[in-house]
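To start, the structure under review is shown below, and the notes come after it.
The values are calculated or read from the model by the stated rules, or taken from the named source; none is laboratory data. Just so it is clear, the model here is predicted, and its values are computed rather than measured. With ideal geometry, Cβ positions are generated from the backbone for all residues, glycine too; neighbour counts draw on all protein chains shown. The protein model used for the area step is the full one, side chains on, heavy atoms only, and it has no ligands, DNA or RNA in it. Shrake-Rupley method; radii C 1.70, N 1.55, O 1.52, S 1.80 Å.
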Amino acid sequence: MTINGAFRYALAVIAVAMLTAACGGGGVSTPTPGPGVGSVSGTVSISVAARGARPRLPAHRGFRQASMRPMARPNEFLVKFRPGVMPGEAANLNARVGTQEIRRLLKGRIALVRAVSATPDTVLSSYRGHAAVEYAEPNYYRYLLSTPPRRPLAVPNDPFYSFQWHYSNIGTEAAWDVTTGSALVVVAVIDTGILFGHADLNGVTVAGFDFVDDDTNPADPGCPGPSDVSHGSHVSGTIAAATNNATGVAGVNWGGPSRTRIMPLRVFGNIGGSCTATSADVIDAIEYAADHSARVINMSFGGPGFSQAEQDAVNYAYGLGVTLVAAAGNDNVDLGASPVYPACYANVIAVAATTITNTKAPYSNFGSCIDLSAPGGDVNTDLNGDGEPDGILSTSGTPATPTQYWWFDGTSMASPHVAGVAALLLSKGVTGAAMIQNVLQSTATDLGTSGYDTTFGWGKVNAAAAVGASVSTNPMLAFTGDLSGSTITVGSDQVGVASDGTFVITNAQSGTHTVFAWQDTNANGIIDAGDLYGTAPGVVIFPGTTTSGVMVSVSERPSGSPPINLAARRGAPLP
């Protein structure tokens, strides 16, 4: 590592546009538009409404030495009751087993319980033997997958991009000729939080959450241990550090205003003297990201112990079109024999680490779980002779001195390179987690044995080839129309929304109508779960003029809402 209420959220968050007409004078009433067509211009933004704090839980504390790495949190378990089991029945069973429910996860389907009058072995056997329980498992620990930072630098006056060998190594310069990211794409970083005061992270975030302190401020307070310092900020910088701003470093997504945003989700806190997370908080964070419009989730952490509850959370997000990326681990072991999670879950892209010479990083895990590889670096070498370690350079620091740049190495650093390229694909209009993974794998630079191998997976991620691939796209569209029941009658051309969120709708029927923004992420022609969708109603359109300043805020359509169909405009086929 190293330089230094009642709905999940509304179906659509609405911003009402105010019309400034050239011909209306200063009268109190708005004139009625006549027949004809006009145009509408405005901006689409991604709605990421922060949820309120959860009920406070006991502080995250453990009973171990920092050098020890236990598998699970003592006396806590995840229990999934079978469908139809009422809360009272579950409470009665908990009392008989000797546990107390702490809270529910994943839409209430999984209970986090704590043993109060029973031993852990007794708890698991009692639940697993009961007909009302689908599964019961420990609340596993998850650990960061990076090594101690090396040689932090002082706050720079000049950019350090020349030290970021890892970007040219995966072809980002050529990729930036195609796309530099989009304000319509949000990447969730489940990690230690973020240093909001860092100059290269300023303005690149959306609302997140702190699952350690159970509040809406995911600022990184710092963690004990040399490998834990500003881990989440380092990962976030690789994905979307502000770029071309004459400060510090660059990000894969050329970060900055109107570019790809980071959703910081803090799950790592001090447990027994080490920066550690629990399965329960990881599950909460995955669900939160999927429910708040994140299209990519980066998980630069892992640990042993298969959790069906974590797999359920992964499947939930994947089902909403979210691409999940995880670090493969740093123990140089075969994941077939010693799997690491979440990397080895189905529907997760597992990323191994490479060096500056495109060889396997000496620490990187390998095995049949590996899907792709990416630069993770090696701080113990200087093979390019630049006088600095061959690690991954990104944003780091401390709460007291937030703007620093450090080299880290680890699969923790490889994973955000892949997550960042996935975000570039989304900015181009490529949608669907399966499609994005297919593009990443089919365009990867083959290393090692020809074709797939268990060291590099399908190869090293190639940003230039990925964004240059000829694949179908589903850009966000803006149009006017009217919603009646579950059908929208389109009243204008459907136009693409630019990467900075701006749009100009042409051939819009005059009158008072609704402006819609929609990205059909699963390409099924209807507005349903996983799509990004928003409205601005009551927009007055005059013939021959442009109604400007319309603001549409879009959010992921909740899975419980009925689908919406689009009717043909004026009897003609949809464009």
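Brief remarks follow.
- Yes/no for residue 280 being among the aliphatic types (A, V, I, L, M) and surrounded by 24 or more Cβ atoms within 10 Å (Cβ to Cβ): yes
- Answer residue from region 49-106, given it is within 30 Å of residue 224 (Cα to Cα), open to solvent by 80 Å² or more (accessible area, probe 1.4 Å) and not basic (Lys, Arg) and is modelled with the highest pLDDT among those: 71
- For region 213-248, the candidate set comprises residues that are crowded, with 24+ Cβ neighbours inside 10 Å and of a type in the set (A, V, I, L, M); within that set, the residue that is farthest from residue 418 (Cα to Cα) is 229.
- Qualifying residue in region 343-362 (condition: more than 17 Å from the chain's Cα centre (by Cα) and of a type in the set (Lys, Arg)): yes
- Per-region count, region 398-437, residues among the small types (Gly, Ala, Ser), under 15 Å from residue 231 (Cβ atoms) and touching a Gly at 6+ places or on another chain (Cβ under 8 Å): 3
- Qualifying residues in region 196-205 (those that are open to solvent by 10 Å² or more (accessible area, probe 1.4 Å) and part of a loop (DSSP other than H, G, I, E, B)) - the one nearest to residue 282 (Cα to Cα): 196
- The strands (runs of 3 or more DSSP E) found entirely in region 342-420 that carry 3 or more residues being open to solvent by less than 10 Å² (accessible area, probe 1.4 Å), at pLDDT 95 or above and not hydroxyl-bearing (Ser, Thr, Tyr) are 349-354, 372-375.
- Neighbours by Cβ (under 7 Å, 6+ apart or cross-chain): first from region 374-388, of a type in the set (S, T, N, Q); second assigned to a strand (DSSP E or B): 381/390; 384/390
- Just so you know, in region 107-147 the residues that are among the charged types (D, E, K, R), within 23 Å of residue 69 (Cα to Cα) and open to solvent by 20 Å² or more (accessible area, probe 1.4 Å) include one that is modelled with the lowest pLDDT, and it is 121.
- Residues that are crowded, with 24+ Cβ neighbours inside 10 Å, farther than 17 Å from residue 236 by Cβ and hydrophobic (A, V, I, L, M, F, W, C), drawn from region 287-319: 290, 309, 313, 314, 317
- Selection status of residue 449, open to solvent by 50 Å² or more (accessible area, probe 1.4 Å), part of a loop (DSSP other than H, G, I, E, B) and in contact with a Lys or Arg (Cβ under 7 Å, 6 or more places away or on another chain): no
- Residue 562 passes every criterion in (1) modelled with pLDDT of 95 or more; (2) farther than 30 Å from residue 349 by Cα apart from (1).
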